[in-house]
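Below: one structure, written as structure tokens.
The values are calculated or read from the model by the stated rules, or taken from the named source; none is laboratory data. Treat the numbers as computed from the prediction; the structure is a model and nothing was measured. With ideal geometry, Cβ positions are generated from the backbone for all residues, glycine too; neighbour counts draw on all protein chains shown. Ligands, DNA and RNA are excluded from the accessible area calculation, which covers all protein heavy atoms including side chains. Shrake-Rupley method; radii C 1.70, N 1.55, O 1.52, S 1.80 Å.
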Amino acid sequence: MESVEKKDQKTICRIVITGGPCAGKSTALESIKKAFSGKGWTVLFVPETATELINGGVAPWTCGTPTEYQRCQMELQIRKEAVFLRAARSMPTEKVLIVCDRGLLDNRAYMSAEKFAEILAELGETEVSLRDGYDAVFHLITAARGAEAFYTTENNSARTESVDEAIALDNRVIEAWTGHPHFRVIDNSTDFEGKLQRLISEIAAFLGEPEPVERERKFLIEYPDVDFLDSIPNCQRTEIIQTYLLSDGDEEVRIRQRGLSGSYMFYKTRKSRNGGLARTEIETRISAEEYLGLLLDADPARRPVRKTRFCLTYENQYFEIDVYPFWKDRAVLEIELKNETDEIVFPDFIRVIREVTEEPEYRNSSIAAKLE
């Protein structure tokens, strides 16, 4: 799936490479530049702000309070990313990939929810606007989980975590990013070279190299315990309104409002089926004004679909559970796969009724046509 800024034939995509301590980010960044520069992308890197500040003498233990340090870090990071985006827009090149060495939601892993909300209010930002402002997020699991022999703190003077602390921090970073519309976790199930290859493959698939194809499986499940989902840190709620537009042929065009508590992002998506589970899907972020304008092209034969989506990370997989207001006994669970044959490990608190990937009545476009 692709979600990028497209202006005057220029494509600008902002992605985050994050992860736990000693996850391989530095080497990964080098691999990304080599892989995508060769595919015609101008690759820009936003350096990790925490390492810059700590190496420069600004740290949680030198500032007045750890919260004051986080405030300084987030303010600098926002400014840096804005500068890179401005520079990207000015460059005489058609495709720019901005790679952020950690993103703004990483800061959430280092403080309480109350302190994070306090800083957001001071900065005039929301969690949704910061999290979903990036096009995609790729998390590399720490070597402390599954590759313990390779875990070290010697290659980064700003890193001090023990193995147990690294695993706990890895979990908190995953929890912070859960809820993003395109979040992928790269584990240590292969050697490090294989880990890098899987990362490059995931990024390439997102960018649409050679084409933006997603493989999605969909399951009908028993109505979940939404209070439980709200209570677990690796699950995030978001509210969605999905409207289908008039379109020609086999192409499906929709617009979507996505967010929570008055903070929303807006998207336009074009889909076409390639056969089997594979679909070409191009998703572009749009402004609130563009969204309101496109509502005038809504298909009168299909009503807007409202749903609550719970994004859940489990066993390094990313599930999306859609709860609809008109069903009290069932819901729909989706997972996007790199390969159609990938094994799915369902959480033990989810009761699967059956797979409905190929059942048209469970597609949102069909649901929209049945609503009154």
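Screening ILE282, ILE367 for residues that are among the hydrophobic types (A, V, I, L, M, F, W, C), modelled with pLDDT under 95 and either part of a strand (DSSP E or B) or in contact with a His (Cβ under 9 Å, 6 or more places away or on another chain) (or both) leaves exactly one candidate, ILE282. Contact annotation: residue pairs with Cβ atoms under 8 Å, 6 or more positions apart or on different chains, pairing a residue in region 95-122 that is under 30 Å from PHE206 (Cα atoms) and open to solvent by 50 Å² or more (accessible area, probe 1.4 Å) with a partner that is among the basic types (Lys, Arg) and assigned to a strand (DSSP E or B), are LYS95/LYS10.
Suppose the filter is within 21 Å of the chain's Cα centre (by Cα) and more than 23 Å from THR178 (Cβ to Cβ); does GLU340 pass it? It is true that GLU340 is within 21 Å of the chain's Cα centre (by Cα) and more than 23 Å from THR178 (Cβ to Cβ).
When you check ASP248 against the structure, is it at pLDDT below 95, among the charged types (D, E, K, R), over 30 Å from LYS39 (Cα atoms) and open to solvent by 60 Å² or more (accessible area, probe 1.4 Å), yes or no? The answer is yes for ASP248. Within region 16-68, being modelled with pLDDT under 90 and basic (Lys, Arg) holds for one residue alone: LYS39. So is ARG237 farther than 28 Å from GLU290 by Cα, open to solvent by 50 Å² or more (accessible area, probe 1.4 Å) and not in a loop (DSSP other than H, G, I, E, B) or not? No, not satisfied.
Of the candidates ARG254, ARG302, the single residue that is touching a residue at least 40 places away in the same chain (Cβ under 8 Å) and either within 21 Å of the chain's Cα centre (by Cα) or assigned to a strand (DSSP E or B) (or both) is ARG254. Taking the listed residues GLU343, GLU336, the one that is open to solvent by 30 Å² or more (accessible area, probe 1.4 Å) and without any contact (Cβ under 8 Å) to a residue 40 or more places away in the chain is GLU343, with no other qualifying. Listed conditions (1) of a type outside the set (Ser, Thr, Tyr); (2) open to solvent by 30 Å² or more (accessible area, probe 1.4 Å); (3) under 20 Å from ALA176 (Cα atoms) are all met by ALA82, apart from (3). Just wondering, is there one or more residues in region 72-89 that are farther than 25 Å from ARG285 by Cα and among the charged types (D, E, K, R)? The answer is no; no qualifying residue exists.
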